[in-house]
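Everything below concerns the one structure shown next.
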Protein chains: 4
Amino acid sequence: MSGNGFGQLFRFTTWGESHGPQIGCVIDGVPPRIPLSETDIQPWLDRRRPGQSRFTTQRKEDDKVTIVSGVFEGMTTGTPIALIIFNQDARGRDYDAIKDRFRPGHADFAYFTKYGIRDYRGGGRASARETTMRVAAGAIARKVLGNAVEIRGAVVQIGPHGIDRERWDWDSVGRNPFWSPDEQVVAKWERHLDAARKAGSSCGAVIEIVASGVPAGLGEPVYDRLDADLAKALMSINAVKGVEIGAGFKAATMAGEESGDEMRIQDGAVKFLSNHAGGILGGISTGQEVVARFAVKPTSSIRIARRGITVGGENVEVATQGRHDPCVGIRAVPVGEAMVACVLADHLLRHKAQCGETFTPGV
Amino acid sequence: MSGNGFGQLFRFTTWGESHGPQIGCVIDGVPPRIPLSETDIQPWLDRRRPGQSRFTTQRKEDDKVTIVSGVFEGMTTGTPIALIIFNQDARGRDYDAIKDRFRPGHADFAYFTKYGIRDYRGGGRASARETTMRVAAGAIARKVLGNAVEIRGAVVQIGPHGIDRERWDWDSVGRNPFWSPDEQVVAKWERHLDAARKAGSSCGAVIEIVASGVPAGLGEPVYDRLDADLAKALMSINAVKGVEIGAGFKAATMAGEESGDEMRIQDGAVKFLSNHAGGILGGISTGQEVVARFAVKPTSSIRIARRGITVGGENVEVATQGRHDPCVGIRAVPVGEAMVACVLADHLLRHKAQCGETFTPGV
Amino acid sequence: MSGNGFGQLFRFTTWGESHGPQIGCVIDGVPPRIPLSETDIQPWLDRRRPGQSRFTTQRKEDDKVTIVSGVFEGMTTGTPIALIIFNQDARGRDYDAIKDRFRPGHADFAYFTKYGIRDYRGGGRASARETTMRVAAGAIARKVLGNAVEIRGAVVQIGPHGIDRERWDWDSVGRNPFWSPDEQVVAKWERHLDAARKAGSSCGAVIEIVASGVPAGLGEPVYDRLDADLAKALMSINAVKGVEIGAGFKAATMAGEESGDEMRIQDGAVKFLSNHAGGILGGISTGQEVVARFAVKPTSSIRIARRGITVGGENVEVATQGRHDPCVGIRAVPVGEAMVACVLADHLLRHKAQCGETFTPGV
Amino acid sequence: MSGNGFGQLFRFTTWGESHGPQIGCVIDGVPPRIPLSETDIQPWLDRRRPGQSRFTTQRKEDDKVTIVSGVFEGMTTGTPIALIIFNQDARGRDYDAIKDRFRPGHADFAYFTKYGIRDYRGGGRASARETTMRVAAGAIARKVLGNAVEIRGAVVQIGPHGIDRERWDWDSVGRNPFWSPDEQVVAKWERHLDAARKAGSSCGAVIEIVASGVPAGLGEPVYDRLDADLAKALMSINAVKGVEIGAGFKAATMAGEESGDEMRIQDGAVKFLSNHAGGILGGISTGQEVVARFAVKPTSSIRIARRGITVGGENVEVATQGRHDPCVGIRAVPVGEAMVACVLADHLLRHKAQCGETFTPGV
C-alpha cells in the first residue's frame, strides 16, 4: 500500500538504495514445491548488468543474488522468498557536485519536495539499481508461469530510428548489444548512440515485450484489467513516459472494420486473423500473444550543462559527470520482460482463485 | 482486490450491468464535512450523457444520480458514499442476434473464456455504461481536491486527424460536439465521422487530460508512482490501447538536453522552462501541470459484417445493428477527467498520511 | 482499505445508515456459475430479523433483500454482486433527545471525535442494521463454500449464566428464542432477560460458532492466519469485546500435555483426539471443526438514566427511550455465523490461488 | 495480501526461517525525517531475547539488528526501511527426530497439509523467531507515534494463577523475570513454572497491553475497527488463542448500566468514570487508555511423550528434546506491545489521511 510493493497474490516488495550496503526484495505468495535456486535468477540479472558494451554504463556491478528465505532443499515452501544483492564500491565517492543541486528531469527534485530529505548518493532509492530486484522477481514469476509461457523483449526504436518490422527476427535479439530484432538497423543505432555519447548527450528508446503461451482468461474487469496492470507495471519503470497495448496509439487512426481482430474456428481452436488488440479484450487475455510497448526518455544525467537550481533556492548550471548509460532504454528490456512476467503470474493466481478453469467456444 | 474497485484511500467500487435494474458505486475514504449533494455530481454526468449530438449514440438515458448514504444534512460524514443510477428502457429488447455470437474486438469473447457465462444484454458489465460511475466518483474526487485543482480534458485527434496545438483554446472545448480545443479541426472531424457513420464503420480518438494546480509531492515511489497509477486508471477505461505522460512516446526521439525540463527560481518559486515530464518526475508531482493522453480504439460494434464465431464454435458473419457511438473516444473525455481526479484525490490523501507537508527549495 | 470492506478475494463492502433510504453491499470476487437467487439469502436474514420474540427489539423491519447485479439467468457471472435492502419507517421520528447528547458506551461519541459530524438518527452507520449486510454476504459465502461446509452458531451464555456443555444439542438451537443448545438453561435466561427489560437495563452474552467440514490447509501464515482473520471478523461486530478460538482463555490454564491435541491415523485419515486448538494450528485449518467464541457487551441504549455529556460540552443525564434489544447478543448469532462464512470463503479462494491442493500424511 | 505483511499505511512484511541464514523485514510507509538508528530498536529486541532467566529457553541468540535501507544520515527518508538479523548457530543440528513426525499442537502438521513441504528445522517459518521482526517493527512504530503515546505490557496470569489487580504496579514489571505487575504473585509463578519445567511440561499465560496517550479518533468503522485490528494483530502471534478489549468476556456478565462508561466534562476535557470499553467505542479510540489482553497456550514442544503421527501416516509417540521455553507467554510481552504499537501507528496515519484533526465536545 505504501508504494514499494507490486502485485496482489504474487506480490513483491523491494527495498534498498543505490549506495546502501545492499538491496533486496521479498516475494510473497509464490506457490510451494517449485524447484528454485539462484541459478534460475542469476542469468536474467546478468542480461541487465551494466558494462557489457560501450553503449551502457561502465560501472562494475556483478549483481550476484542470494536467496535467503523461502526455499528449502531446492524447493519453494510457500513462505516469503527474500533475495539480496550486496552493493559494491558504494563508498568513498564524492557527491558534493549533486548534494545541493537538482538536475533537470531528475527525480531528486521531486523526492525533496515530497519528503524534505533525500539520499542523493547515486539517486538513492530512485536509482535504476532498484530494477535489479524487478528482474529477480520476474525470474521467479517465470517459474510460476511455467515453460509454456515465453516472455521476450526487444528494442524497436532508438532516438527517432525505428526498426523495420518486416525484418523482425527473435534470434537477432541476442546477437547485438541493443536487443534489436532487426539486424540492419544496428549500424544506424550505433552511430546515433556514439554521437550522443560523444556530445555528452543521451537518447530515448521504445521497447516491445511479447508474451506467448499466455492462457486465455487472465485479467479482472473492470479496474484490474490485464492491460491496466501492464500499463501500471511498465509505467512504473524509471524514465518510462508511454505505454501501448497491441496497436496502441495507432488504433486511434484505424477504422472499426480494421481494428477488431476477426476470428475463425480452425481445427477446433479459436484463431484470430490479426492481433491489433495485443492479446487482450475487455481487460482479459484471449490466448493470443500479449504485446506491450513502452517509451523510455533519454537519461537525465548528461554532461551537457543545463539550467537547474540548488536546495537553497539558487539558480545554477548543472553538468553531470560520471558513468551514466547514454540510453537507459537498452537495459530496460529485461526489466520490462520481468514486469510483464510479474503481472501475468499475479493474474494467473488470481484467475485460479476465482475461476479455476477457462472456456473455449464449442467445447 | 477483485477487480471492480479502484484506489487505496479514496477507493470506489462499482457494480451493475448495462441492462440490469440499476448501476451504482460506493466510495470509501472521503473526508468528512465536505458539502455534497447530487447537484455536485449531475453536471459531470450530463457531459458524458449520450444523445447530445449526432456523433454519439442516440440512446436515451437521463443518468440521474442519487446519493443514498454517506451524506447527512448536506455534508459528507466520512462513511461510505453510495450512488445509484436506475437504468431505463432496459427491458424488452431482442438480443438473439448477439446471444450466441462473438463480435470481433468485443469483450464478450473474453468474458466467456474467463467465466463460462456472460450477461450478453448490451455488453453486460463490459458496457460503457459502467463509466457513468467513474464520472460520478470523479465528481466527488474533485470535491476532495478542492477548487485549486482544475482537471480538464479535450479530444486531440479523431481518426488520423490531429489538432494544431498552436491553436489550443480551452474555451473552444465546450463549444463543439467533439470537445476539441482547436475549432478549425472541427469541420474535418465532422466529415470524417459522418463518413464513418454512413459506412457503418467507426473511428478512434486520442484524448488529453490536463490537471493544473496539483500540489508537488503527490505519488509514491517506486511502484505506486503517480504516472503509473494514472496509466492504470486511463488504460482501465473501455477501448483504451495506449497512455502517455507529458511528451510520451515523443520523448523517445528527444535528446537528453531537450527532454529534461530546465528549472529557474523566479520570485521565490520554482519555475520549469518546459513540461516534457508532464508534471511528474520519479513518479512524484512537481507542481507543474499534470498532462496525460490516451488512445481509444474504434467502437467494435459496427454495421459492417465481419468474421466472428459462435458460442457453439461455428464460424459466422457478424454485423451489429443498434445505436452505437461511431467514436466512443468522444464520450471518453469526462471519463478520463474523472479517472485523473480519482488518482489525484487518492494520492493527496496518501501524501497527507505519510508526509503531511511539502518542501520548496530555498524555503 | 477505508474500513467499510472485508476480505481479500471474497471481498464485500457495505454502505448505508440506519435511517437512510436503503442499505446495501457489493460483493466482489464470487466465482462464476454458482446458482444464486434471493431465496438463498432471505432465510438467513429472516433469522436475524427483529421482533420475533419479546427478547429482541419490537421494531418492524422485513429486511427484504434484492440482488441488483452480478447474477444472470439464475447464476453468478463472476462480476460484482450488489444487494439492497430498503429501510422502512425511517422517517418522521423525533431525535431531539439524542441529537445533542452522547450516551455512555455508545459509538456516537467516538464518531463525533473522529469526524466532527455524525448521523445521529438511530445510530447512523454504527447501527446494528449494518449487520444485515454481513448476514447477506455470509449467505453468498456459504454458496461459495458449498454444502460440505456447515456453519452453525449458538448462544452459550447470557449475563452470568452459561450453558451446560454436556447437554449441547444442535437441534435445540432452533427451538428456543435464544439459540440455546441447552434447553434447560432457557428458563433461567428468560427470567434474567425479563428482569433486565423491566428494570430498563440490558445484558451481555457469549456466542459460539462452529464450522464443520472445513478443508485442511486454509489460512495464511504469518499475519493473515485463519484465526487472526476470524478474530478480526468477530471483533468487528458491534458490541463485541472478546474473541476466543478453541480452548481460548482456558488454554492459558492448561498444561502442555493437555493442550496439544493428540493425533492418530484411523482408517487412513488423520484423527485428532481432542480439539483444544479449535481446528487451527499455526494459523492454518487442520480439518477439525473450527470453533470460535465471542463476547457481546450489554446494549448501551438503556432506560436507566446515566451520566453523559452533550455535543456542546455540558454534563447531562441520559436515558434512552425506544425499542432496543435488551440483549443484542441474541441477534448476533446469525451475524457471527456470517462473518465466519466470509472468512472461510475468502481463505478458500486464497488457498486455491497459491496451493490448489492439500496434503494428507501417508498419502 | 499473501499473509506475511501487516498494516495498510504503516506496513511491514517479514521473511526468514528459524534456521535460515537471516531473518528480516521491510517497513513501508514510515514518515520521513524521523531520527532513527539501531539504538532505537535494539533495546526492545533485548527485552524479548531468550536466555535471560531460567524461565525462558536457554538458546543463545544475540539478535543484533541492522538497518540496511531507508535511513540516511540518521533520519528516515520515507523510503522502505529494511532490517536484518543474522541467525546464529543455525547449522549442524540434528533434526532427524522431528523431520518425519508431527508433534501434537504444533504448526508443522498444518504447514504440511497446506504446502506439501515444510522447513522442519526449528519450526521454520512458524518459529517464534519470526517475532523478533515484529518487535523491531514495533520499535519503529513507537517512533511514528511519538513520545506522547506509551505502550506497556505485563503478564497477568500464568497457568491458573492470576495477579491481584489491586496490587498493580508498573514499576514492578521490570523487576521480575515474568513481567509481573504484582510482585506478590511472583513466588507462586516461580513454583508453578519450575514444576512444569521439571515435569517436562509447559504452561500458558495471559498478557495485558496498555497504551496510554492514544489520541481520540483512531480506528475505521466498520470492519477496520481499531479493536478488530488489535484482535487480528494479537491473535496472529504464535500460540495465542484469545483476545479481549477492556472488560472483554467479563462484559458479557455485566448489566447495561454497569458496562457503559459514564462521562463528565472536567476542566474542559472529557473524563470517563470507568474504562470497561478499553478505550474504544464503535471501533474508534476515545482518548482513554487502550487496554487489550491475550491468552497464550502452553508450548507444544514438550519432553512428555505424546501421541502423534508421521509424514508417512504412521502412529508414533513424540517427545521433544531441546531448549524450549516452558512458558512462551512470558516472552510474548514485548511482542504484544509491538503489535499494538504497529496497529496504532497504522491507524494514526490512516486518520491523518482522511480526517486530519479530531473534535472534542464543547470545543
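Within segment D:211-224, being open to solvent by 10 Å² or more (accessible area, probe 1.4 Å) and more than 7 Å from every other protein chain (Cβ to nearest Cβ) holds for D:SER212, D:GLY213, D:PRO215. Can you spot a residue in segment D:5-20 that is basic (Lys, Arg) and outside any strand (DSSP E or B)? Among the residues of segment D:5-20, not one is basic (Lys, Arg) and outside any strand (DSSP E or B), which makes the answer no.
Conditions tested, residue by residue: (1) β-branched (Val, Ile, Thr); (2) within 30 Å of C:GLY16 (Cα to Cα); (3) out of contact with any strand residue (DSSP E or B) (no Cβ under 6 Å at 6 or more places or on another chain).
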| position | (1), (2), (3) |
| --- | --- |
| D:GLY213 | no, no, no |
| D:GLU220 | no, yes, yes |
| D:ASP224 | no, yes, yes |
| D:ASP229 | no, yes, yes |
| D:SER236 | no, no, yes |
| D:VAL240 | yes, no, no |
| D:ILE245 | yes, yes, no |
| D:ALA252 | no, yes, no |
| D:GLY256 | no, yes, yes |
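Picking from residues in segment D:156-167 that are touching a strand residue (DSSP E or B) at 6+ places or on another chain (Cβ under 8 Å) and part of a loop (DSSP other than H, G, I, E, B), the one that is farthest from the other protein chains (Cβ to nearest Cβ) is D:ILE163. The single condition among (1) closer than 21 Å to C:LEU218 by Cα; (2) among the β-branched types (Val, Ile, Thr); (3) more than 16 Å from the chain's Cα centre (by Cα) that C:ILE302 does not meet is (1).
Would you mind stating whether D:SER259 is at the interface with another protein chain (Cβ under 9 Å from one of its Cβ atoms), farther than 30 Å from C:GLY123 by Cβ, modelled with pLDDT of 95 or more and touching a Ser or Thr at 6+ places or on another chain (Cβ under 8 Å)? It is false that D:SER259 is at the interface with another protein chain (Cβ under 9 Å from one of its Cβ atoms), farther than 30 Å from C:GLY123 by Cβ, modelled with pLDDT of 95 or more and touching a Ser or Thr at 6+ places or on another chain (Cβ under 8 Å).
Among the residues of segment A:292-330, those that are closer than 22 Å to A:VAL243 by Cβ, open to solvent by 20 Å² or more (accessible area, probe 1.4 Å) and not in a loop (DSSP other than H, G, I, E, B) comprise A:ARG293, A:VAL328.
Step by step: first the residues of segment A:194-210, then only those that are under 24 Å from A:VAL290 (Cβ atoms) and at the interface with chain B (Cβ under 7 Å from one of its Cβ atoms), then the one that is surrounded by the fewest Cβ atoms within 10 Å (Cβ to Cβ). Which residue is that? Applying the filter and picking the extreme gives A:VAL206. Looking across segment A:28-70, the residues that are out of contact with any Asp or Glu (no Cβ under 7 Å at 6 or more places or on another chain), outside any loop (DSSP other than H, G, I, E, B) and more than 9 Å from chain D (Cβ to nearest Cβ) come down to A:PRO35, A:GLU38, A:THR39, A:ASP40, A:ILE41, A:GLN42, A:PRO43, A:TRP44, A:ASP46, A:ARG47, A:ARG48. Just one of the listed residues (B:VAL186, B:VAL144, B:VAL135, B:VAL149) is modelled with pLDDT of 95 or more, open to solvent by 10 Å² or more (accessible area, probe 1.4 Å) and closer than 24 Å to B:ILE84 by Cβ, namely B:VAL144. Anything in segment B:232-258 that is within 30 Å of the chain's Cα centre (by Cα), open to solvent by 10 Å² or more (accessible area, probe 1.4 Å) and free of Cβ contacts under 8 Å to residues at least 40 places away in the same chain? List them, or say none. Selection gives B:LYS232, B:ALA247, B:PHE249, B:LYS250, B:THR253. Scan segment B:101-118 for residues that are more than 18 Å from C:GLY74 (Cα to Cα) and outside any helix (DSSP H, G or I) and the total you get is 6. Any chance you could count how many residues in segment A:271-291 are in contact with a Pro (Cβ under 9 Å, 6 or more places away or on another chain), open to solvent by 40 Å² or more (accessible area, probe 1.4 Å) and touching a residue at least 60 places away in the same chain (Cβ under 8 Å)? So the count comes out to 1.
Kindly list the number of the only condition in (1) touching a helix residue (DSSP H, G or I) at 6+ places or on another chain (Cβ under 8 Å); (2) among the hydrophobic types (A, V, I, L, M, F, W, C); (3) at pLDDT below 95 that fails for C:VAL65. All conditions are met except number (3). When B:GLY20, B:GLY70, B:GLY7 are checked against the criterion of being touching a Pro at 6+ places or on another chain (Cβ under 8 Å) and crowded, with 17+ Cβ neighbours inside 10 Å, B:GLY70 stands alone in meeting it.
Being in contact with a helix residue (DSSP H, G or I) (Cβ under 8 Å, 6 or more places away or on another chain) and in a loop (DSSP other than H, G, I, E, B) is a property that C:GLY153 lacks.
The values are calculated or read from the model by the stated rules, or taken from the named source; none is laboratory data. What you see is a predicted model; the values in this text were computed from it and never measured. All Cβ positions, glycine included, derive from the backbone under ideal geometry; neighbour counts span all protein chains shown. Remember, those area values only see protein heavy atoms, side chains included, never the ligands or the DNA or RNA. Shrake-Rupley method; radii C 1.70, N 1.55, O 1.52, S 1.80 Å.
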